[in-house]
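The values are calculated or read from the model by the stated rules, or taken from the named source; none is laboratory data. These numbers were taken from a predicted model, which means no experiment stands behind them. Neighbour counts run over all protein chains shown; Cβ positions are idealised from the backbone, glycine included. Side chains included, ligands, DNA and RNA excluded: accessible areas come from the protein's heavy atoms. Shrake-Rupley method; radii C 1.70, N 1.55, O 1.52, S 1.80 Å.
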Amino acid sequence: MNKKNIIITIILGVCVLAGIACLLFYKTFFAENVKNREVTVIVPPGADFEQVMDTLRKYEVLKSEESFRKTAEALKYKTIRIGKYDISGCKTNLDLVRLLRRGQHYPVKFTFNNTRTVDQFVEKVGHKFFFEPEELSILLKDRNYMQQFGLSDTTAVCLFIPNTYEIYYDITAEDFLNRMSEYYRQFWTDNRKNTAEEIGLTPVQVATLASIVEEENMRPSEKAIIAGLYMNRLNKGMLLQSDPTVKFALGDFARKRILNADLQVDSPYNTYKYKGLPPGPIRIPEASTMDSVLHYRHHNYLYMCAKEDFSGYHNFTASADEHARNAARYRAALNARNIKR
């Protein structure tokens, strides 16, 4: 073989080897290797690469584990980031490794309002964060756990101040509550705590009364008046006789009419049977409503009844006789509309 042929052979050999290398490179990085894209890959805290591989194997995500390992090694996928990864957009090893490497440490805007119970709050949290909603629910209903915030399972909703928050996705349920407690402390300034003490209430009692006020009427023009009415009743040792607390005790806020039979429900939330404030809030009150309680309107009203025009406003009075007349007109309006419950 002459020199020319040797050079040609070498060149051809190099080209073949380069072609093979390119083919292997393509098959490793760019060939479609994700066969099951209808799963969410969950990487828990403390997971290592082999645990990630176990998850991919469990859901039969990969066609070739070997090529994925080579891609992960080449891209130095060593720092394992927790998260719930939707892999529907991944086809290649490169796609998948880039997704897992990126992690999910990004801010989520979380807004909530008009929320009554712990279960409703957990439902609003949903799957917005890494933790499962059930994890949060368990903590909120754990009396011992909530003691660290000065709360209990019946007052847990006091921790939440309706607003829009920006919280990182990969937060744990425990850290989520710690973050909420920071906002809670920010709301309860020394000035607000001193004002609560001056009117004879604790922060939890302020939230509880505010929750009743909101259920009576969300309109700003009446909230301080309603708060003042209930403060008058508390100071006189009278039953609060608040219909919304009965609805809460019955577990039915959709009721438009409270019957005498309903008033017999034996619950600490039934303020027709038990004096003072109920054990905890019957909804998560707005910050503005708690301020309406702290700065309630001073007057002599002891009774209130919804107006018979169904405007959502109330007739207020200090007279039991006048209240009876107001109530009679309202009952007549309910009857005229055939509203029985």
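Descriptive notes on the structure:
- Within the range 144-163, the set of residues being over 17 Å from Trp188 (Cα atoms), in contact with a helix residue (DSSP H, G or I) (Cβ under 9 Å, 6 or more places away or on another chain) and open to solvent by 30 Å² or more (accessible area, probe 1.4 Å) comprises Tyr145, Asp153, Thr154.
- Checking the stated criteria, Gly280 turns out not to satisfy the condition of being in a loop (DSSP other than H, G, I, E, B), free of Cβ contacts under 8 Å to residues at least 60 places away in the same chain and open to solvent by less than 30 Å² (accessible area, probe 1.4 Å).
- Subset of the range 99-126 that is in a loop (DSSP other than H, G, I, E, B) and within 29 Å of Ile87 (Cα to Cα) - its residue that is most open to solvent (accessible area, probe 1.4 Å): His105
- Only listed residue being aromatic (Phe, Trp, Tyr) and either surrounded by fewer than 17 Cβ atoms within 10 Å (Cβ to Cβ) or part of a loop (DSSP other than H, G, I, E, B) (or both), chosen from Tyr183, Tyr230: Tyr183
- Evaluating Ala324 against the criteria (1) aliphatic (A, V, I, L, M); (2) open to solvent by 30 Å² or more (accessible area, probe 1.4 Å); (3) in contact (Cβ under 8 Å) with a residue 40 or more places away in the chain leaves one unmet condition, (3).
- From the options Tyr168, Tyr183, residue that is among the hydroxyl-bearing types (Ser, Thr, Tyr), closer than 28 Å to Gly103 by Cβ and at pLDDT 95 or above: Tyr183
- Which numbered condition Asn300 fails, given (1) open to solvent by 50 Å² or more (accessible area, probe 1.4 Å); (2) under 17 Å from Glu215 (Cα atoms): (2)
- Test: residue in the range 267-276 that is closer than 21 Å to Asp153 by Cβ, touching a helix residue (DSSP H, G or I) at 6+ places or on another chain (Cβ under 6 Å) and surrounded by fewer than 20 Cβ atoms within 10 Å (Cβ to Cβ): yes
- Criterion: surrounded by 14 or more Cβ atoms within 10 Å (Cβ to Cβ), modelled with pLDDT of 95 or more and farther than 23 Å from Tyr145 by Cα - qualifying residue of Leu177, Leu201: Leu201
- Options Ala249, Ala254, Ala306, Ala287: the member that is open to solvent by 40 Å² or more (accessible area, probe 1.4 Å) and either out of contact with any Asp or Glu (no Cβ under 7 Å at 6 or more places or on another chain) or not polar (S, T, N, Q) (or both): Ala254
- Only listed residue being hydrophobic (A, V, I, L, M, F, W, C), in contact with a helix residue (DSSP H, G or I) (Cβ under 6 Å, 6 or more places away or on another chain) and at pLDDT below 90, chosen from Phe68, Phe25, Phe29: Phe29
- Of all residues in the range 143-167, those that are assigned to a helix (DSSP H, G or I) have Cβ atoms under 8 Å from Cβ atoms of residues that are charged (D, E, K, R), 6 or more apart or on another chain, in Arg143/Asp153; Met146/Asp153; Ala156/Lys141; Val157/Arg283.
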